[in-house]
1. Residue by residue through the stretch 137-156, note down the ones that are closer than 13 Å to residue 335 by Cβ and among the charged types (D, E, K, R).
2. Among the residues of the stretch 1-56, how many are under 29 Å from residue 83 (Cα atoms) and either aliphatic (A, V, I, L, M) or over 47 Å from the mean Cα position of the chain (by Cα) (or both)?
3. Can you tell me which residues in the stretch 516-559 are on the phi < 0 side of the Ramachandran plot, at pLDDT 85 or above and not in a helix (DSSP H, G or I)?
4. List every residue pair whose Cβ atoms lie under 7 Å apart, where the two residues are 6 or more positions apart in sequence or sit on different chains, the first residue falls within the stretch 566-583 and is more than 13 Å from residue 595 (Cβ to Cβ) and open to solvent by 10 Å² or more (accessible area, probe 1.4 Å), and the second residue, located anywhere, is at pLDDT below 90 and assigned to a helix (DSSP H, G or I).
5. Quick check on my filter: what residues within the stretch 584-610 are more than 18 Å from residue 563 (Cα to Cα) and either buried (at least 17 other Cβ atoms within 10 Å of the Cβ) or among the hydrophobic types (A, V, I, L, M, F, W, C) (or both)?
6. Looking for something assigned to a helix (DSSP H, G or I), open to solvent by 90 Å² or more (accessible area, probe 1.4 Å), on the phi < 0 side of the Ramachandran plot and at pLDDT below 90 - is there at least one such residue anywhere in the stretch 415-432?
7. So in the stretch 358-386, with the set limited to residues that are farther than 18 Å from residue 147 by Cβ and of a type in the set (Ser, Thr, Tyr), which one is most open to solvent (accessible area, probe 1.4 Å)?
Amino acid sequence: MTVIWDIERFHIQITREDGNRVVIRNSSHLPRDRIAEDFVWAQWDMSEQRLYYVELEQSKSVLKCIQFWADESFTLMFEMPLDISLSGLRFKFVNFGYDYRQDQEKLCNQPSLCVFTNHTGSLCVCYSPKFDSWEEVTYSVFYLHKGYRKTFTAAPGSAGSHVAKGITFLNLGCLVAVYIPGHFLHLLNIQHPDLTCHSLFLTGSKMAAVLPPSPLQSLPGSLVLDCSSGKVYRATVDQSYLMWFLWNAARLDCDKMAALHCALLCGQDPGFQEDQVIQWICEHASACHSFDLIQELLIASSYWSVYPELADVDKLLAHSSVLAWNEEIPGVMLVTEELPLLLMKVYNLTGYWAKLNSNLEYVKYTKPHLHYHNSVVRREWHSLVSEEKTGKRRSTMYVRNILDNAVKVILNMETRTLEPRLIPLLQEEDRHQRLLVGLMVSELRNHLVRHLQCVEKKKIEQTVLDYISKLLNLTWCMLETIWRKHSAHPWVPRLVYNISWESLPVVLRGTTRDNRVCGSHTTLLSLPSNKHGSAAEFEVFHLMTRILDATNSLCFPLPPGFHSLHTTLGVHCLPLYNLLHYIDNGVLLLTETAVTRLMKDLDNSEKNEKLKFSIVARLPPLLGQKVCRFWDHPMSSNIISRNHVAQLLKDYKKEPRNSMIGKSSFPTEFLPLNCFIEILTGLESSHQALCGFEGQDNVDSEFVEEAALKHTTVLLGL
């Protein structure tokens, strides 16, 4: 039989009598207001001054909420029908105090119901029906701010085990813990509950919840009341245990994903050590098959770094690289049902209620979701890079604004970097990466401004800079972590190269998770055993290749200098054939800094000449002209001479010979060459007179003549 209760509010006035004695005025006739009546369950939120209660209307359970205001008024905020059964419920108030006379052994086999909220505008109703069997436990979470209900069925333990205590729901902020002592702990992500892989389910030896064995009651502010002792605890997720779990106990991809997100979510707490997460990622970069760990770190950590700064940012930025999860979570089954959206009774909303209403409006009207993605940036970036390679130019002001955006990000990174770094990044121009950084700043800023019209543009600008700085800094920190594992000294980019033609690495053409070919980049599966770089260089190169694979598919920028460092390490670690294969497939990029260092640092031994010839042959014409000036070799002289002649003869018109031109510096009798050099000398003189032209790096007609003679001598075998 269900018990029906009423709730009244009393207006108590006090007065002072006989000095310091305080008494209630007119205690026999206290004014009162009827708040709720004929309800079967009630919960009081003391910190937010809210009353939740359930009424039975036509055999249906209807959840209602009353908000009490500072002016002593109160308002019915919403009504929501819930498809739950409260039959057989022995009534008890939630958060009205503890009745020590209740029989806990009987209460553990009754329906359990509680409501949790937090400052982000979430509203969850946690419900567990009466247990019909001890072999499985069913509990539901109504995500009213999302518009659906998830019902979980879990096995509480081994066969024949008995659940001695009832199920406990604990509010941990952005997490809700479902707990049966000694059986299982389910950490539910209420901020992003769409995918089950973002919630952590622990059983048996994996569970390390240090909670009192006596009955518990969840209080606001992540507090827990031990009903037997009367002690109050603050419940938090232990990051050290999560890291232990990742290193030692997480075997399945779903466990790694959930533990990673729980750890990053704890990043908002003081004392969080993100470097521990990064170290685990670096050591297990290839450990997951269902998703890319590096992508997940970049997206999730950057998201949580700016999450406290802007309201509604969770609707505009992705928090995970995974869009769908079809794998089952061992030990728990799930059924998802859509719910009618909550209808607010009040329209002039502020504070928590405004955020909740914003969440409901987003679910109701936003199809598809508004999460930012880099598709526009990818197209524009490829267009700009292609135009630069072909010599075309966009509007100078447009490109300058993009590069200025990149400068802001670099400065923002430098102001936040307190400790000296061992890996040399941000020390070169790297125009292509700066263009990508600047384009992402521009596009992300426009995206946020478009949907956050009530937020100051200056605040949005800073959020964008912080978000992209975090992306770049995460990449840098991963490289630092691997390098510090082997050395405490800064890495010095020196090239000592010894070509080997043995033991080729296995290379696989890049594919997506569903085996579709994703462009022409390659993914390194294993590296050659005859490595010439140090162990640290080898591991950094391997990690950089995986980072490049992860960021390419997302079109995320990399710190300027990343590609030069990657190519330099490739020269150290790869045989020539594999090095050229990586270059041809776009894994290693021939930046001006890397190629210039290669031309300067390597001598002209036979093996190094083969390497340099192979590199120069793969360079774009403009870059090839620049780097050849740093290579003291007849071949580079020939290339420089050809380019110089081509530039002079570009607008050449045949004119009568000037007999006053001096003779060549070389006393040759090869008249065609003498005539040609005289023409070049005349063109140089005319060009200098008109344009103030001065030869670059002492390239003039005499240099061309010398290069031509040497080249001819080589061809004739003299």
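The values are calculated or read from the model by the stated rules, or taken from the named source; none is laboratory data. The shown structure was predicted, so the numbers you read here are calculated from the model rather than taken from an experiment. For neighbour counting, all protein chains shown are included, and Cβ atoms are generated from backbone atoms with ideal geometry for every residue, glycine included. Ligands, DNA and RNA are excluded from the accessible area calculation, which covers all protein heavy atoms including side chains. Shrake-Rupley method; radii C 1.70, N 1.55, O 1.52, S 1.80 Å.
1. 149, 150
2. Within the stretch 1-56, the first condition is being under 29 Å from residue 83 (Cα atoms), and the residues that meet it are 1-8, 34-56.
Those left that are additionally either aliphatic (A, V, I, L, M) or over 47 Å from the mean Cα position of the chain (by Cα) (or both): 1-8, 34-38, 40, 42, 46, 51, 54, 56.
Within the stretch 1-56, residues that are under 29 Å from residue 83 (Cα atoms) and either aliphatic (A, V, I, L, M) or over 47 Å from the mean Cα position of the chain (by Cα) (or both) number 19.
3. 556, 557, 558, 559
4. From the stretch 566-583, the pairs are 572/537; 580/614.
5. If the condition is that a residue be more than 18 Å from residue 563 (Cα to Cα) and either buried (at least 17 other Cβ atoms within 10 Å of the Cβ) or among the hydrophobic types (A, V, I, L, M, F, W, C) (or both), then 602, 608 are the ones that fit.
6. Step one: of the stretch 415-432, the residues assigned to a helix (DSSP H, G or I) are 415-416, 431-432.
Now drop any that are not open to solvent by 90 Å² or more (accessible area, probe 1.4 Å), which leaves 415-416.
Those still in the list that are on the phi < 0 side of the Ramachandran plot too: 415-416.
Within this subset, residues satisfying the condition of being at pLDDT below 90 are 415-416.
Yes, the conditions are met somewhere in the stretch 415-432.
7. 386
Condition check ((1) farther than 30 Å from residue 50 by Cα; (2) under 24 Å from the mean Cα position of the chain (by Cα); (3) touching a residue at least 60 places away in the same chain (Cβ under 8 Å); (4) outside any helix (DSSP H, G or I)) across all residues:
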position: 304; (1), (2), (3), (4): no, yes, no, no
position: 330; (1), (2), (3), (4): yes, no, yes, yes
position: 333; (1), (2), (3), (4): yes, no, yes, yes
position: 383; (1), (2), (3), (4): yes, no, no, no
